[in-house]
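In what follows, a single structure is set out as structure tokens and then discussed.
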Amino acid sequence: MAKKVLKEHIINKDWCKGCGICVFFCPKNVLELDKEGKVFASRPKDCICCKQCELMCPDFAIEIEVQ
Amino acid sequence: MAFKDYIRERFFPHIWCPGCGHGMVLKGMLKAVEKLGIDKNNIVMVSGIGCSARITGYVDFHTLHTIHGRALAFATGVKISRPELCLIVPMGDGDALAIGGNHFIHACRRNIDITAVIMNNRIYGMTGGQYSPLSGIGKYASTAPYSTIENKFDIVKLAETAGASFVARTTTYHIREMIDILCMAISNKGFSVVEIFSQCPTYFGRKNELKTPTDMLNYFKDNTTPIGSKVKEANPELIERGVFINSSMPEYCEEYDKIVAKAKKNTEV
């Protein structure tokens, strides 16, 4: 299977409640919470597109778009 | 159809607390429906009262938000009148087993084709964290400041004994397993019970030394094991998860149709 390449982390900041589940479960430590306590992709280059964050987010706030 | 087409986006962000497991159960359910390819006009979701019952507001199926504990009674009515529809009943632990305890065991006994999803967070979250019949001995709650002394129900054993034809248990941590189990439960012709451990970091977690949602998810990971694993022999305290019962039994609506046919035959003579 071809390696997936990340296009973008689509983050809906209005829906994010900053619970930190995605940050904790990211195997590559890509995500972080910002000053407002909302998630952002601080190291998008490390993303392997496993979509664990997308699957675990209880607020439907993060999506991974693959090229 | 993407699973996001099944939600009513205008009601988001949802009312659940940060890190609440109910959002993950909602996602699991939508993914299961997407996987099975059921048309959203053929699904009816019926719920009672509680945090978990708010789930019906967020899905774009036919939805009924009914009275406390009686979701299964309403669902039975819908199923009897329109047996071709797919019925899903999400319930909380208190809704299903305290207030609606009798409806639950009798729905199991009848084996009517409904999927009951019990989101077990071991607490009454919406009303301020009172202990529920699923809290268990030694847990703290706002109505048990010195810990509870009551035994808890075992949903799996209860449903099994009451006669449900599909019984399974999973957790929000094991979301992929949850999606597969929900697919099996919805496909099953008969009463299906799926117990899902869901985290309530706000009320259950804070009072029981599991302060963050991730602590609670790790608790599910560390304290459960697949059915029949060798780890269970070494550590009998672990809770088993997986499919416990998957049998085919006479389904209520089909039997009802047979009775109708029989009665009509007798009157014709």
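The values are calculated or read from the model by the stated rules, or taken from the named source; none is laboratory data. The structure displayed is predicted, hence computed values, not measured ones. A quick note on method: Cβ atoms are made from the backbone with ideal geometry, for glycine too, and the neighbour counts reach across all protein chains shown. Note: accessible area is taken over every heavy atom of the protein model, side chains too, but ligands, DNA and RNA are not part of it. Shrake-Rupley method; radii C 1.70, N 1.55, O 1.52, S 1.80 Å.
List of remarks:
- Spatially, the stretch A:1-65 and the stretch B:229-269 are offset by 41 Å when compared through their Cα centroids.
- Within the accessible surface of the protein assembly as shown, defined with a 1.4 Å probe on protein heavy atoms only, the carbon and sulfur portion equals 53 percent.
- Between the helical axis of B:22-36 and the longest alpha-carbon principal axis of chain B there is an angle of about 40 degrees.
- For the stretch B:1-82, the percent of C-alpha pairs falling in each 10 Å distance bin, counted from 0 to the bin holding the largest distance, reads 17, 50, 31, 3.
- Relative to the dominant Cα principal axis of chain B, helix B:252-268 is inclined by about 20°.
- Cubic angstrom per residue, convex hull over Cα atoms of the stretch B:16-149: 109
- Cα extents of chain B along the three principal axes, largest first (Å): 70, 45, 35
- The simple Förster model, with R0 at 22 Å and r as the Cβ-Cβ distance, assigns A:GLU63 and B:ARG176 a FRET efficiency of 0.80.
- Both chains summed, the buried accessible area for A and B stands near 2000 Å², from protein heavy atoms and a 1.4 Å probe.
- Only lysines eight or more places from B:LYS40 in sequence, or on another chain, were considered; those with a Cα closer than 18 Å are B:LYS4, B:LYS27, B:LYS31, B:LYS79.
- Accessible surface, per residue, of chain A when the full set of protein chains is kept, probe 1.4 Å, Å²: 58
- Computed from backbone phi with θ = phi - 60° and the Karplus coefficients 6.51, -1.76 and 1.60, the 3J(HN,Hα) list for the stretch B:221-237 is 5, 6, 10, 10, 8, x, 4, x, 7, 6, 4, 4, 5, 6, 10, x, 5 Hz; x is used for glycine and proline.
- Close Lys pairs in the stretch A:6-66, defined as Cα atoms under 15 Å apart and 8 or more places apart or on different chains, number 8.
- Summed over all non-identical Cα pairs, the Kirkwood treatment of the protein assembly as shown gives a radius of 20.8 Å.
- Taking 7 Å steps out from each Cα toward its Cβ at A:GLU32 and B:LEU238 produces label points 3.7 nm apart.
- Calculated translational diffusion coefficient of chain A (25 °C, 0.890 mPa s; Stokes-Einstein with Kirkwood radius over alpha-carbon pairs) equals 207 µm²/s.
- Using θ = phi - 60° in the Karplus curve 6.51 cos²θ - 1.76 cosθ + 1.60, the 3J(HN,Hα) couplings for the stretch A:43-50 round to 10, x, 5, 7, 5, 9, 6, 6 Hz; x is entered for Gly and Pro.
- Interchain or long-range residues, amide H under 5 Å from B:GLU195's placed H: B:ILE118, B:ALA168, B:ARG169, B:THR170
- Listing of the stretch A:33-67 residues, each with accessible area lower by at least 50 Å² in the full protein assembly than in the chain alone (probe 1.4 Å): A:LEU55, A:MET56, A:PRO58, A:PHE60
- Each residue of the stretch A:13-21 is assigned a 3J(HN,Hα), and the resulting list reads 5, 5, 8, 5, 10, x, 6, x, 5 Hz, derived from the Karplus form 6.51 cos²θ - 1.76 cosθ + 1.60 (θ = phi - 60°), x at Gly and Pro.
- Remark: chain B carries 45 Å² of accessible area per residue (probe radius 1.4 Å; ligands, DNA and RNA excluded).
- Against the criterion of solvent-accessible heavy-atom surface with a 1.4 angstrom probe, B:GLU160, B:GLU9 sort, most first, into B:GLU9, B:GLU160.
- Distance from the stretch B:46-100 to the stretch B:147-163 (C-alpha centre basis), Å: 21
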